[in-house]
1. For the stretch 155-172, what are the residues that are in a strand (DSSP E or B) and of a type in the set (V, I, T)?
2. Look at K96 and say whether it is out of contact with any strand residue (DSSP E or B) (no Cβ under 7 Å at 6 or more places or on another chain), more than 20 Å from D195 (Cα to Cα), at pLDDT below 95 and of a type outside the set (F, W, Y).
3. Find all pairs meeting these conditions: Cβ atoms under 9 angstrom apart; at least six residues apart or on different chains; first residue within the stretch 163-191 and in contact (Cβ under 8 Å) with a residue 12 or more places away in the chain and surrounded by fewer than 18 Cβ atoms within 10 Å (Cβ to Cβ); second residue of a type in the set (F, W, Y) and part of a loop (DSSP other than H, G, I, E, B).
4. Give me a count of the residues in the stretch 226-258 that are without any contact (Cβ under 8 Å) to a residue 40 or more places away in the chain and aromatic (F, W, Y).
5. Across the stretch 214-225, what is the number of residues that are surrounded by 17 or more Cβ atoms within 10 Å (Cβ to Cβ), in a loop (DSSP other than H, G, I, E, B) and not hydrophobic (A, V, I, L, M, F, W, C)?
Amino acid sequence: MRNRRKLHVTVISICTVILVVMGISFATRGSSSASGNVLGGVFSPVQDFFSSIGNGVSGFFGFVFDMKDFQQENLELKDQVDQLSARVRELEAYEKENERLRQMLDFKASSGEQDIVGCEIIAKDPGNWFYSFTIDKGSDDGISVNDTVMSGYGLVGRVSEVGASWAKVQTIVDTDSSVGALVTRTQEYAIVDGDLTLADKGQCTMSALVKDTSLILGDTVVTSGLGDVFPEGILIGTVAEIKSDSMGYSQYAVIDMAVDLKKIQEVMVIRNGR
């Protein structure tokens, strides 16, 4: 009991002292007296401590709210980047299409009196689409079998089958295809044929070369006009390799096609241009 009373007295005394000090602090607020300075020195560290804690808590919650704003802003920026990337891809596609159409128009303008019609590729045969494809114009548009098919970059092939509003094109990499050719530098005549092992690389073989041919890599090969199918002077491609046959009696060449069949989308048909 006695200890409990002492504890009560101590607590009451401490509380009384605190109240007195607080009263003096309020009474001397703004005063420059020594007592005010002493009390300020006593309580200032305590006030600074609790003030720093409050500022820390406030800063933490402010950081949390700022992070939410940053995340939202990041999502908005990501959406903008995605939209700009899509726009860039779209513009690149337009640029490539314009380049293809410009090449076709340039050829048409330089083709003189040849009767040319532009067509779009609407289907490619599965499994052998290097060999043939279907275009969106046919006999109703004046297209007939054996009409020459090309792009602004060079020879593609010939029309092999015709419907009223469509036509099938056999490309020059087809193994059944054969084109009379001319090497522009040497004026050598030759034959360009499709080859099963080279078709997917966009290449053909050129044979019937003379034994002492002076053919070199990079030589340009065009249609010769012989054979009553393809008109002369249409670019076929360039010499990529020069080889000898198994017996060593003659040479042949591998030709890189001027037209990339993997990317072709539009073609031109020379109607009755044989």
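The values are calculated or read from the model by the stated rules, or taken from the named source; none is laboratory data. Everything quoted here is computed from the prediction, not taken from an experiment. Neighbour counts are summed over all protein chains in view; Cβ atoms, including those assigned to glycine, are modelled from backbone coordinates with ideal geometry.
1. Once the filter is applied, which keeps residues that are in a strand (DSSP E or B) and of a type in the set (V, I, T), the stretch 155-172 yields V156, V159, V162, V169, T171.
2. For K96, the condition - out of contact with any strand residue (DSSP E or B) (no Cβ under 7 Å at 6 or more places or on another chain), more than 20 Å from D195 (Cα to Cα), at pLDDT below 95 and of a type outside the set (F, W, Y) - is met.
3. What qualifies is T175/Y131; D176/Y131.
4. Of the residues in that region, 1 qualify.
5. Of the residues in the stretch 214-225, 2 are surrounded by 17 or more Cβ atoms within 10 Å (Cβ to Cβ), in a loop (DSSP other than H, G, I, E, B) and not hydrophobic (A, V, I, L, M, F, W, C).
Table: residues versus (1) under 37 Å from the mean Cα position of the chain (by Cα); (2) part of a strand (DSSP E or B).
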| site | (1), (2) |
| --- | --- |
| D174 | yes, no |
| T205 | yes, yes |
| V210 | no, no |
| G227 | no, no |
| I242 | yes, yes |
| Y252 | no, yes |
